[in-house]
Amino acid sequence: MKKIKAIISKIPLSIIYSIPPIVVFFIVLLAYWPGILVSDSLVQWNQVQTGIFDNWHPFYNTYYIYILTRIWNNPGFVLFIQILIVSFSIGLFFSKITKYYKVNKVYLFISSTVISLIPINYNFAITLLKDTLYSALIIYFMSLILDMICNKSFFEKKKNYIYIGFLSLITMLTRHNGILLIAVLAIVLIISFRKEKKLWLPFAFSIILYLIMTSSTFFSIIKVSEANYSNKYAPISHLMADFLNSDIEFTEEELKKLGEYTDIKQLKESYNPYNMDYSINSQKVDALKENGKEYLNFGMKKIFENLGLTIKHYAKLLSFLYSPIPFYNSFTVGMFIETDLWVYEDVYPNLAENSKIPQLLPTLKTVQSSYQSGNLGIVTMRPSIYIYMSIIFCIILLKIYKNKKLFLLCLPALCNIISLMPAMPVAMTRYVYSAFLTFYLLVAFMLYVGYKKIVEERRKNEKK
């Protein structure tokens, strides 16, 4: 027994806390083997298999998948690596609060287990999406910020600056809005730690490197194509569809111009304010490829002529991020997690459903469906609820420990939401999955220290 305890004591806490999610997520992966793939997953998977890449979905994220498939060409293996990355992000944060705030180890191990059993967490862990990886990177930033706050010698070590730069670069390369997230995050952290004169360096270096690595010149050298033209102009088409279904008037000349790039009848009739796919399908790809700039100029002119309606339109879409209560019909699209395998065995045989634990699959699907259905679904899947609660938890923590910088723990997830506002025409839960993860980690932290504080106060009162 002593030998076992000695061996366990040598294992880093970050790994020990990672064990429950690794086990739970892997069991779910086996049930859903080779994992859940959605339409975006298939686009990236197709690029990986053909070796023909574009940058609509971030090229570097697709290439990361490509590298892993050189080891084993199966999405199940890629998802296993994703499980390790997500699980370790949870374990690392818990190890930090054990180190700095003496949070009970058994309590955190149990908390890690509970978090891994929440449907949204095990579902995203086994879904091949850049958003899951991106959210895990945001959680790594939480641990990094905790080090900045609590480790007095943190800024004295060069390796920490290198880590800041590396994590920033990887985050930016994983999702297109990453550049905005890092820019806002960098500004706030540089101001918050203004005594650290070198803190701007890793952020500046990583942003410059990102701009070089994603430039048209660099992509042309490594033979990566531009983004899909249908998707590139989708926000413009989506707004035009909104205008067509509003009281906005189009001149004959404007309708003629719009008709050159879209099927106007389809664009108008299939319009759904909360689903841009219908607007994408109404576009004329060849025309956009040939003269997309003209369409962009036409659209921007019309938008600025009707700026009030445009703002109203975006406020509706962004309600997903700021409103705990969904607007009419706004919670029906983009909000939910997948509960079924997407089978593409006619194209890729290794993507066929091949559950290793078929008896578990019906139960998982039932639980996931119940978790996100009806009024319960509004509570469990509405990201604004989770980010507001995270902010409240950070305020409680800074009050308990009398350290204003603890508010920065919710900053990475908050910056992600801010970065999505100018860039996101349609809301989806997966874009802001980091808000959910942040909440679950902070609630575990806050409940323990809050309980501890209450017990301490009671003991003080008893002594009096």
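The values are calculated or read from the model by the stated rules, or taken from the named source; none is laboratory data. Just so we're clear, the structure is a prediction, and the values are computed from it rather than from any experiment. Counting neighbours? That spans all protein chains shown, and the Cβs are built from the backbone with ideal geometry, glycine included. When the accessible area is computed, the model is the full protein with side chains, heavy atoms only, and any ligands, DNA or RNA have been set aside. Shrake-Rupley method; radii C 1.70, N 1.55, O 1.52, S 1.80 Å.
Tabulated data
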{"item": "Added length on full extension, which subtracts the Cα-Cα distance from 0.36 nm per residue, TRP200 to MET300", "result": "32.5 nm"}
{"item": "Per residue solvent-accessible surface (Å²) - the chain, probe of 1.4 Å", "result": "48"}
{"item": "Order by protection proxy (mean Cβ within 10 Å, highest first), peptides 432-443, 68-79, 251-262", "result": "432-443, 68-79, 251-262"}
{"item": "Protection-proxy order for peptides 188-200, 112-124, each taking the mean of Cβ atoms within 10 Å per residue, highest first", "result": "112-124, 188-200"}
{"item": "Segments 244-250, 309-315 sorted - mean Cβ within 10 Å per residue, highest first", "result": "309-315, 244-250"}
{"item": "Accessible surface ranking that places the most exposed of MET142, MET389 first, with a 1.4 angstrom probe", "result": "MET389, MET142"}
{"item": "Quarter of Cα convex hull surface for the chain, i.e. mean projection, nm²", "result": "27.6"}
{"item": "Inter-part distance where the stretch 33-109 and the stretch 264-307 are each reduced to a Cα centre, Å", "result": "34"}
{"item": "Net length gained if the chain between ASN275 and PHE250 were fully extended (0.36 nm per residue, minus Cα distance)", "result": "6.7 nm"}
{"item": "Solvent-accessible surface (1.4 angstrom probe) belonging to GLU456, in square angstrom, nearest 10", "result": "80"}
{"item": "All-pairs Cα distance distribution in the stretch 224-321, expressed in whole percent, bin size 5 Å", "result": "2, 14, 26, 25, 20, 9, 3, 1, 0"}
{"item": "With every protein chain in place, the stretch 153-192: carbon and sulfur % of accessible area (1.4 Å)", "result": "74"}
{"item": "Distance between the stretch 360-377 and the stretch 159-205 - C-alpha centres, whole angstrom", "result": "38"}
{"item": "Using alpha-carbon coordinates, inclination of helix 285-305 to the longest axis of the chain, degrees", "result": "80"}
{"item": "FRET E, pair TRP72, VAL367, Förster distance 25 Å, beta-carbon r, rounded to 0.05", "result": "0.30"}
{"item": "Mean shadow area of the stretch 1-155 over all directions, Cα convex hull, nm²", "result": "11.4"}
{"item": "Estimated [θ] at 222 nm from DSSP helical runs (n ≥ 4, -39500 (n - 2.57)) normalised by residues in the chain, nearest 500", "result": "-22000 deg cm²/dmol"}
{"item": "Relative contact order of the chain, defined on C-alpha pairs under 8 angstrom at six or more residues apart (%)", "result": "21"}
{"item": "Quotient of Cα Rg and 2.2 N^0.38 Å for the stretch 112-228, N being how many residues it contains", "result": "1.23"}
